[in-house]
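Student: Provided herewith is a single structure, encoded as structure tokens, for subsequent inquiry.
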Amino acid sequence: SSSKPLPRRTARSSVWIEIAESDLNQPFFFAPKIKTGIGENYFFGGMLGFDDGIVEFRRVHNQIQLLWRNTEFIARPGSPEAFAVSAAFSPSLLASAAVASQPHPERKSFLIEANAIFVADLTGIASQLQRSYRQGYAFDSRNSAITALRNSPEATTIEVLNHFATGSIAAAQPGQAGGTAPSSPRSLPDARSLFMTMHYTLARLPAQPLRPRMADARVGHFTVSVVDFADDIARNPRQRYVSRWNLQKKDPSAALSEPVKPITFWIDRTVPLKYRAAVTDGVLEWNKAFEAIGISNAL
């Protein structure tokens with residue numbers, strides 16, 4: 001499909017991403033997650049410790065850049081304020097790769113090598129390891145690799161085995177303050193080397209955006225905030241919006257209707273079997289709250 005980036009495996013087990021011209025400069029939802037960690041210091045497998053965000057592919061001559069969009073500062077599209085915002089605030093570069101093919105004769109799409117984009121320390125784990133242990137950990141691309149791919153009509157997930165290493169382990173010096181003294185991971189057989197598996201998911205945003213809902217400080221919402229320059233006389237340009245599910249009734253006229261698309265959850269395979277029924281019952285208890293607003297079987 002040329003409608004979204006799709007990894008493609010060749011006979012040499014190389015991984016490629018096919019990008020259509022229409023995919024460039026378009027927003028994609030990007031969700032990085034740790035699959036396997038080291039069992040300490042918040043480096044836990046399954047931990048949702050990274051922010052999700054909006055990324056885009058940008059072409060600069062023969063390079064394709066994966067950019068993390070700066071979505072915190074906004075203004076009305078096409079307005080002078082919008083031009084000022086784009087001039088004032090920068091996106092961040094996650095990775096880049098060279099265009100590796102001529103355009104497809106029919107789809108006009110082209111290929112880039114996925115390793116150049118995803119076999120990298122996209123989330124800055126090496127820096128976190130350095131801060132946590134005061135050791136010289138660095139990402140080791142030679143011993144890192146894409147290990148699995150998963151595609152669906154909605155999203156593409158790339159699994160990457162990342163290796164981090166340091167040539168030596170520093171020891172604390174006599175009289176060195178505890179906050180600055182080096183330490184080392186106690187869970188590793190050799191503290192100089194560790195692996196973490198990352199899941200990177202790319203998904204196209206819905207064609208019909210969800211209508212934003214302003215947050216009310218008197219209610220305990222999960223929120224996202226932006227600095228909106230659309231109103232230059234507002235007392236505070238920062239606006240807060242509710243993070244919510246996009247649940248739509250199948251039958252808008254019914255007092256109680258099932259949703260067009262329910263919320264689907266998964267129980268992690270690491271949850272002990274004896275607790276899974278209780279976890280399921282606890283999550284499904286939220287259906288009562290959704291029934292109060294006219295949606296049945298929301299989860």
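Student: Of everything in region 215-237, what is under 16 Å from ARG76 (Cβ atoms) and modelled with pLDDT of 90 or more? Give them in sequence order.
Tutor: The answer is VAL226, VAL227, ASP228, PHE229, PRO237.
Student: Considering only region 171-202, state which residues are of a type in the set (A, V, I, L, M, F, W, C) and either buried (at least 16 other Cβ atoms within 10 Å of the Cβ) or without any contact (Cβ under 8 Å) to a residue 40 or more places away in the chain (or both).
Tutor: Taking region 171-202 and keeping what is of a type in the set (A, V, I, L, M, F, W, C), we get 171-172, 177, 181, 188, 191, 194-196, 198, 202.
Residues satisfying the conditions are ALA171, ALA172, ALA177, ALA191, LEU194, PHE195, MET196, MET198, LEU202.
Student: For region 208-252, which positions are among the aliphatic types (A, V, I, L, M), closer than 23 Å to ASN70 by Cβ and not in a strand (DSSP E or B)?
Tutor: Hits for region 208-252 are LEU210, ALA215, ALA230, ALA234.
Student: Also, I was wondering about something else. Of all residues in region 57-92, how many are touching a helix residue (DSSP H, G or I) at 6+ places or on another chain (Cβ under 9 Å) and outside any loop (DSSP other than H, G, I, E, B)?
Tutor: Selection size over region 57-92: 6.
Student: Output the number of residues of region 80-119 satisfying the condition of being more than 21 Å from ASN62 (Cα to Cα) and of a type in the set (Asp, Glu).
Tutor: Of the residues in region 80-119, the ones more than 21 Å from ASN62 (Cα to Cα) are 80-90.
Filter once more, keeping what is of a type in the set (Asp, Glu): 81.
Residues that pass the stated criteria total 1.
Student: For region 27-56, name all the residues that are over 13 Å from the mean Cα position of the chain (by Cα), surrounded by 13 or more Cβ atoms within 10 Å (Cβ to Cβ) and either among the aliphatic types (A, V, I, L, M) or not in a strand (DSSP E or B) (or both).
Tutor: Those that are over 13 Å from the mean Cα position of the chain (by Cα), surrounded by 13 or more Cβ atoms within 10 Å (Cβ to Cβ) and either among the aliphatic types (A, V, I, L, M) or not in a strand (DSSP E or B) (or both): GLY37, ILE38, ASN41, PHE44, GLY45, GLY46.
Student: For residues that are surrounded by 10 or more Cβ atoms within 10 Å (Cβ to Cβ), of a type in the set (S, T, N, Q) and free of Cβ contacts under 8 Å to residues at least 60 places away in the same chain, scanning just region 207-264, find the one that is farthest from ASP23 (Cα to Cα). Give the derivation first.
Tutor: Keep residues of region 207-264 that are surrounded by 10 or more Cβ atoms within 10 Å (Cβ to Cβ), which gives 210, 212-216, 221, 223-231, 234, 237-251, 254, 256-263.
Of the ones still in play, those that are also of a type in the set (S, T, N, Q) are 223, 225, 239, 243, 246, 248, 257.
Filter once more, so that each one left must be free of Cβ contacts under 8 Å to residues at least 60 places away in the same chain: 223, 239, 243, 246, 248, 257.
Working: THR223: 29, GLN239: 30, SER243: 26, ASN246: 24, GLN248: 28, SER257: 36 Å.
The qualifying residue farthest from ASP23 (Cα to Cα) is SER257.
The values are calculated or read from the model by the stated rules, or taken from the named source; none is laboratory data. For clarity, every value in this text was computed on a predicted model and none was experimentally measured. Glycine also receives a Cβ, built like all others from the backbone with ideal geometry; neighbour counts cover every protein chain displayed.
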